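Q: Can you read through this structure? Questions will come right after.
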Amino acid sequence: MEQEEQQVETAQWNDGWIQVKVPLPFSLKWVNSYVIPEPDRSGYTVIDPGLRTDDAVAAWNEAMKRYGIAAEEIKRIIVTHQHPDHYGLAGYFQKLSGAPVYMSRRSHAYTVRLWAVDSRFGGELGQLFSKHGMPDELTSAIAANLELFEERVSPQPSVTYVEAGETIRFGGFDWQLIDAPGHAYGQLLLYEPHNGWMFCGDQVIPRITPNISVVPGEETDPLNDFLMNLDQLLSYEVSLAFPGHRDPFTGFTARIEELKQHHTRRLDRMKRMLEEPMSAFELSERLFGINLRSNPHNLRFAMAETLAHLYYMEHRGSIERLDEAGVYLFHAV
Ligand SMILES: [Zn+2]
């Protein structure tokens, strides 16, 4: 009988670094995990192991077989940020290898908020979206979709905190940890100044614009935090960037400029649309289309991203908010 093997895509960079394209059940298709050997091959560091699904575990088994890596050779696991497509398999690999899992305190606090047994996150998000005009059946669908993630991040790891400003050594280099808020508060990027290498998580990605979401109870202007951080990142000399999605790329500063321009254009367009007052939900549907109603995962991103842009403009006084019978409407000033 012929066994059909799933073909996991991998690539090699620098001195034996392995990029594993860990499959995702979303339109994003894959998340990049990077496996970095020690120079003497005494062990490996895994950055962002991926979302826990059967396909992802099968892909990992195949990749590790391909490169002759045993689980117990994994010496540390670094998670750039809390999103489940990066964090989900951290506990699984920790269980297999006994390796420490490093992430920032803030990033970890968010995983607790999302996936604690008594988490109220889905309900809080629903309340926020409903104040911004989203119908109840859609907020319920989003909450139900969020619950699916619980098993995709299980078992949860025991975490060792590392913070921006510190350095962490692996692969024969000292890596500077850089705070990168906006896409995910607490996200850490890893920078190696001598070669100009940067693991840039989801902060700077080629061809996709990182999602910027308003999260209930968190900072109210994530887009501003993101744009300010992009300006800070311009001061790093990067020869090769290793993003969480798509492929490693050169032209880090040019990509940052494109991302900034994207948001400027999006803000201008939204402001023009708000000549006529409307809710965030209505605006989100005009921007991203009504087909998202059947895709609660993408609907959540679209709505939270629309809110991030609205909050940004509201903070700068270029739009105003009205309370129309319990639902917020925005209009250009
Ligand atoms: Zn992310």
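Q: May I ask you to verify whether Ala141 is within 30 Å of Leu177 (Cα to Cα) and of a type in the set (A, V, I, L, M)? Spell out the reasoning first.
A: Details: within 30 Å of Leu177 (Cα to Cα): no; of a type in the set (A, V, I, L, M): yes.
No: the conditions fail for Ala141.
Q: Of the residues that sit in region 59-109 and are touching a Phe, Trp or Tyr at 6+ places or on another chain (Cβ under 7 Å) and among the basic types (Lys, Arg), which one is nearest to the ligand (Cβ to nearest atom)?
A: Among those residues, the one meeting the criterion is Arg106.
Q: Kindly indicate the residue of region 185-222 that is small (Gly, Ala, Ser) and either outside any loop (DSSP other than H, G, I, E, B) or touching a helix residue (DSSP H, G or I) at 6+ places or on another chain (Cβ under 7 Å) (or both) and also nearest to the ligand (Cβ to nearest atom) among those meeting that condition.
A: Gly201
Q: One residue is enough: does region 102-109 have a residue meeting the conditions of a type in the set (Phe, Trp, Tyr), at pLDDT 95 or above and closer than 28 Å to Pro23 by Cβ?
A: Within region 102-109, one or more residues are of a type in the set (Phe, Trp, Tyr), at pLDDT 95 or above and closer than 28 Å to Pro23 by Cβ.
Q: OK, next. Return a yes/no flag: does region 159-181 have any residue that is more than 16 Å from the ligand (Cβ to nearest atom), of a type in the set (Phe, Trp, Tyr), closer than 26 Å to Ser294 by Cβ and over 20 Å from the mean Cα position of the chain (by Cα).
A: No, every residue in region 159-181 fails to be more than 16 Å from the ligand (Cβ to nearest atom), of a type in the set (Phe, Trp, Tyr), closer than 26 Å to Ser294 by Cβ and over 20 Å from the mean Cα position of the chain (by Cα).
Q: Let me ask something additional. Check Tyr92 against each of (1) of a type in the set (Phe, Trp, Tyr); (2) in contact with a Ser or Thr (Cβ under 9 Å, 6 or more places away or on another chain); (3) more than 25 Å from Glu151 (Cβ to Cβ) and name the one condition it does not meet.
A: Going through (1) of a type in the set (Phe, Trp, Tyr); (2) in contact with a Ser or Thr (Cβ under 9 Å, 6 or more places away or on another chain); (3) more than 25 Å from Glu151 (Cβ to Cβ) one by one, Tyr92 breaks only (3).
Q: Let me ask something else. Please indicate, with yes or no, whether at least one residue in region 98-109 is touching a His at 6+ places or on another chain (Cβ under 6 Å), in contact (Cβ under 8 Å) with a residue 60 or more places away in the chain and within 21 Å of Ala184 (Cβ to Cβ).
A: Yes, region 98-109 contains a residue that is touching a His at 6+ places or on another chain (Cβ under 6 Å), in contact (Cβ under 8 Å) with a residue 60 or more places away in the chain and within 21 Å of Ala184 (Cβ to Cβ).
Q: If only one of Leu234, Leu287, Leu274 is surrounded by fewer than 23 Cβ atoms within 10 Å (Cβ to Cβ) and farther than 17 Å from Leu329 by Cα, which one is it?
A: One residue alone meets the criteria, Leu234.
Q: Need pairs with beta-carbon distance below 6 Å; first residue free of Cβ contacts under 8 Å to residues at least 60 places away in the same chain and within region 203-217, second assigned to a loop (DSSP other than H, G, I, E, B) and more than 9 Å from the ligand (Cβ to nearest atom); sequence gap 6+ or separate chains.
A: Cβ pairs passing all conditions: Gln203/Ala180; Ile205/Arg246; Pro206/Arg246; Arg207/Arg246.
Q: Run Gly251 past the list (1) at pLDDT below 95; (2) on the phi > 0 side of the Ramachandran plot and report the number of the one that doesn't hold.
A: Checking Gly251 against (1) at pLDDT below 95; (2) on the phi > 0 side of the Ramachandran plot, the one that fails is (1).
Q: Starting from residues that are out of contact with any Asp or Glu (no Cβ under 7 Å at 6 or more places or on another chain) and of a type in the set (Lys, Arg), keep the ones in region 275-321 and report whichever is nearest to Tyr185 (Cα to Cα).
A: So the residue we want is Arg300.
Q: Also: So which residues in region 29-68 are hydroxyl-bearing (Ser, Thr, Tyr) and buried (at least 19 other Cβ atoms within 10 Å of the Cβ)?
A: Within region 29-68, Ser33, Tyr34, Tyr44, Thr45 meet the criteria.
Q: For Val112, work out the one condition from (1) more than 16 Å from the ligand (Cβ to nearest atom); (2) under 24 Å from the mean Cα position of the chain (by Cα); (3) modelled with pLDDT of 95 or more it doesn't fulfil.
A: Going through the list (1) more than 16 Å from the ligand (Cβ to nearest atom); (2) under 24 Å from the mean Cα position of the chain (by Cα); (3) modelled with pLDDT of 95 or more, Val112 breaks only (3).
Q: Could you look through region 227-261, keep only residues that are in contact with a Gly (Cβ under 6 Å, 6 or more places away or on another chain) and free of Cβ contacts under 8 Å to residues at least 60 places away in the same chain, and pick out the one that is farthest from Pro193 (Cα to Cα)?
A: Looking at residues that are in contact with a Gly (Cβ under 6 Å, 6 or more places away or on another chain) and free of Cβ contacts under 8 Å to residues at least 60 places away in the same chain, I get Asn229.
Q: So which of Thr139, Thr160, Thr111 is farther than 30 Å from Asp323 by Cβ, in a helix (DSSP H, G or I) and among the β-branched types (Val, Ile, Thr)?
A: Thr111
Q: Output the qualifying pairs, or none if there are none: Cβ atoms under 6 angstrom, residues six or more apart or on different chains, first residue in region 158-180 and under 13 Å from Val79 (Cβ atoms), second residue among the aromatic types (Phe, Trp, Tyr).
A: Hits for this filter: Thr160/Tyr102; Val162/Tyr102; Ile168/Trp175.
The values are calculated or read from the model by the stated rules, or taken from the named source; none is laboratory data. What you are looking at is a predicted structure, and each value in this text was computed from that prediction instead of being measured. Glycine gets a Cβ as well: all are built from the backbone with ideal geometry, and neighbour counts include every protein chain shown.
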